[in-house]
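The values are calculated or read from the model by the stated rules, or taken from the named source; none is laboratory data. Small disclaimer: the values here were computed from a predicted structure and weren't measured. Glycine also receives a Cβ, built like all others from the backbone with ideal geometry; neighbour counts cover every protein chain displayed. Quick note on the areas: whole protein, heavy atoms, side chains included, nothing else; ligands and nucleic acids left out. Shrake-Rupley method; radii C 1.70, N 1.55, O 1.52, S 1.80 Å.
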Amino acid sequence: MHFQNVFYNKNMILLKFGDSLEKAVQALRETKLDILPVVNSKKELNGVFTRTNLYNALLNRASLSDVIDPWIVKVAFSLQEDMSLETVEEITRNSRVGSAPVVDKKGKVVGVFTKTNMVLNLFEKSTMLKAQLTALNDVLQNGMLAFTEKEGVPCAGNNTEELLGLNTDKINIIYDGIVVVNEQGRITLINQVLADFLKIKPEEALDKHIQELMPNSRLHEVSKTGVPEYSEVQLIADKQYLVSRLPIIKNGVSAGAVGKVVFPQLPEIQELVRKLNTLQNKVAYYKKELQDSKIKQLESDMIIGTSPSMIHLLEEIHKVSRTNSNILITGESGTGKELVAQAIHQESERCNSPLIKINCAAIPDNLLESEIFGYAPGAFSGANRHGKPGRFELADKGTLFLDEIGDMSCRLQAKLLRVIQEREFERVGGIKTVSVDVRIITATNMDLPKAIAAGIFREDLYYRLNVINLHLPPLRERKDDIELLAIGFIEKLNQILKTEITRISPEVMDIFMNYSWPGNIRELRNVIERAANYAVKGEILPVHLPSNLYTSETEPEVISESVPEAISQAIKQLSKDETDKTYRDIVKSTRREVIINTLNKAGGNKSKAAKMLNMSRTSLYTTLQKLEIESKR
């Protein structure tokens, strides 16, 4: 089967050199693809422009009117239209690239192929093969038998009229395995073929539950539901066989079920079973790969962390994103509540609809109502004469993220409660009811139970919003993630600031690990950005950090055991008339002399010097800064 006969995106938008970033944004939004081919006047492939290229351009302060040329990937991977499907499957399996242009023999672009297309193709093949198996099973001349519990009389299915009235032994002429169960799933009949295969006497199988002989059987489920299952692949004795399960209907109610196992003596059946099994494995593989790619993108682009609390958070995001229940995200300021909301939306079935955000604390209460619910024409002076949709309307079929929900007034809380309950509202100044389908995610750093006790937050609204609670730990409780976060910020800031930071010194990491981070991840990013501006390239050192990272508890002091006798003598020689300034100058000078001498003895090795002085490396670096001591190592 050739590649041109399978699914791929043929209605794509082509870009050319000189096109603007605005055109690229519109094209990516319209096509919902991750890449756009860049072609010449003959539609020959010259490169590709990806979503990542767009993000890089915007991060580098490019405007929408700028051309896409500097960001185009000129050496682009592509697929040939005349490739075999097997070749494309192999390339897709081994490639990390999620999308690629498809070109014909002349090098002209004819479409874009994605891994999602591959999954759809495998589903199509799987469905076709299953239909073939069903058709082949239906044309077999073997009859299907069902026996009632009381009478033991065979009831005819298709092609079984000639078997009416015959006793149980007569079904042994059928070369397929036949088993009948009652409504409890217990065996009432089994033919010799299946009994021999299971290495059991027919009489020994009677009254046993079907799963005692065939653990993977679903025959008991069919006897309960009354829903037939045709041409399914089932594992029996470590081998896969084609089975059909049909309910026994008596007076309109399921009273048992009959199962048929096709032993694949025909080469056609053996080949179809093999192909179906291969396709099912491929479908499962690509499903898992697509899910894994979403997880990796989520972890790398949005939420970074390997600490137990963050791994648990990621698992929770995957679970709750599948539902439409309301979510309340709690945590201190700067912990990344908005990123979690974005992650939930991107993982949900609503990902192709908008995620609308609003900060309830950033807008005055008299304007917040019209922002959330919109307003009708002429609602108030200065209003748009056509009216304006609110955030709820904009988020229809998507997700609405209400940040700092604890700062919303009680009056607006009552209106929000009604929308949650009724899924409808009226615009400010309007009389027309607007219905919406919106998932609501809220976030706050406030202790809402305390706010309820204080009478500033509605208890009934709290329970409506807090169906699912995700709590984000502060950075001081997940310090194992600090280094990973810092490296991630450096990679992004190098692109934004055009810096060349390569690493963070161990001394800086010591300072980071000893700091409490009241501003959490937001503060860490600001510290890294400040350090990058001062360091410009190479290594971030303690001298590049803001002084507030040195708390009074970690402020370095050289302990008395490390001070030579000369210091004590110098202090003793001070006269009572000498001022405090002189005293401080002598102490500072003496401490400076001690540290310089120790550094010289340690050969400039600060770690070794810190050990000799009985102090931490962090304290030594802080002291070097305060005493303005330069060190070559």
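Each of D396 and L484 was given a label point 7 Å from its Cα along the Cα-to-Cβ line. The distance between the two points is 4.1 nm. Each Lys and Arg adds +1 at its Cβ and each Asp and Glu adds -1 at its Cβ; summed about the Cα centre, region 377-486 shows a dipole of about 500 debye. Full extension of the chain between K106 and K199 yields a length gain of 27.2 nm, computed as 0.36 nm times the residue separation minus the alpha carbon distance. Peptide packing: for 215-223, 334-342, 27-35, the average count of neighbouring Cβ atoms within 10 Å per residue gives the ranking 334-342, 215-223, 27-35, highest mean first. Scalar couplings 3J(HN,Hα) for region 393-407, obtained by applying the Karplus form with A = 6.51, B = -1.76, C = 1.60 to θ = phi - 60°, are 5, 5, 8, 4, 6, x, 10, 10, 10, 9, 7, 6, 4, x, 8 Hz; x denotes Gly and Pro.
What order do you get for 318-327, 615-624 when each peptide is scored by the mean count of other beta carbon atoms within 10 Å, highest first?
Most protected by this proxy first, the peptides run 615-624, 318-327.
FRET efficiency for the pair I468 and I363, taken as 1/(1 + (r/R0)^6) with r the Cβ-Cβ distance and R0 = 30 Å, rounds to 0.70. A crude spin-label estimate for the pair L417 and D460, with each label 7 Å from Cα along the Cβ direction, gives 0.4 nm. For the set K239/K260; K10/K388; K537/K611, the pairs lying more than 26 angstrom apart at their alpha carbons are K10/K388; K537/K611.
With a probe of 1.4 Å, find how much accessible area region 15-91 has per residue, and write the answer as a whole number in Å².
Numbers: 4240 Å² over 77 residues.
Here the residues of region 15-91 average 55 Å² of exposed surface.
Using the Karplus relation 6.51 cos²θ - 1.76 cosθ + 1.60 with θ = phi - 60°, the per-residue 3J(HN,Hα) values for region 222-227 come to 5, 5, 7, 7, x, 9 Hz, with x marking Gly and Pro. Computed in the context of the full set of protein chains, the accessible area of region 465-542 at 1.4 Å probe radius has 50% of its extent on carbon or sulfur.
Ignoring ligands, DNA and RNA, what percent of the accessible area of region 299-414 is carbon or sulfur (1.4 Å)? Taking all protein chains in place, region 299-414 shows 50 percent carbon and sulfur surface. Can you give the FRET efficiency for N352 and N494, using 1/(1 + (r/R0)^6), R0 = 35 Å, r = Cβ-Cβ distance, to the nearest 0.05? The computed FRET efficiency comes out at 0.60. The phi-based Karplus calculation (6.51 cos²θ - 1.76 cosθ + 1.60; θ = phi - 60°) puts the 3J(HN,Hα) values of region 21-29 at 5, 4, 5, 5, 4, 4, 5, 5, 5 Hz, whole numbers, x for Gly and Pro. Give the distance, in whole Å, between the Cα centre of region 202-261 and the Cα centre of region 42-108. When both Cα centres are located, 51 Å separates them. Computing FRET efficiency as 1/(1 + (r/R0)^6) for E539 and Y55, where r is the C-beta to C-beta distance and R0 is 22 Å, gives about 0.20.
Working ranking of peptides 436-443, 533-540, 185-192, 462-469 by packing, defined as the average number of other Cβ atoms within 10 Å per residue, highest first, is 436-443, 185-192, 462-469, 533-540. Subtracting the Cα-Cα distance of S589 and K16 from 0.36 nm times their residue separation leaves 199.5 nm of extension gain.
Label positions at S84 and D437, each projected 7 Å from the Cα along the C-beta direction, are separated by 4.4 nm.
For F457, the residues 5 or more places off, or on other chains, whose built amide H falls under 5 Å of its own are I452.
At 1.4 Å probe size, with the rest of the protein present, what percent of the exposed accessible area of region 1-70 is carbon and sulfur atoms? Ligands and nucleic acids excluded, carbon and sulfur reach 48 percent. Can you tell me how much longer the chain between I91 and R29 gets when fully stretched, taken as 0.36 nm per residue apart minus their C-alpha distance, in nm with one decimal? Computed gain between I91 and R29 is 19.6 nm.
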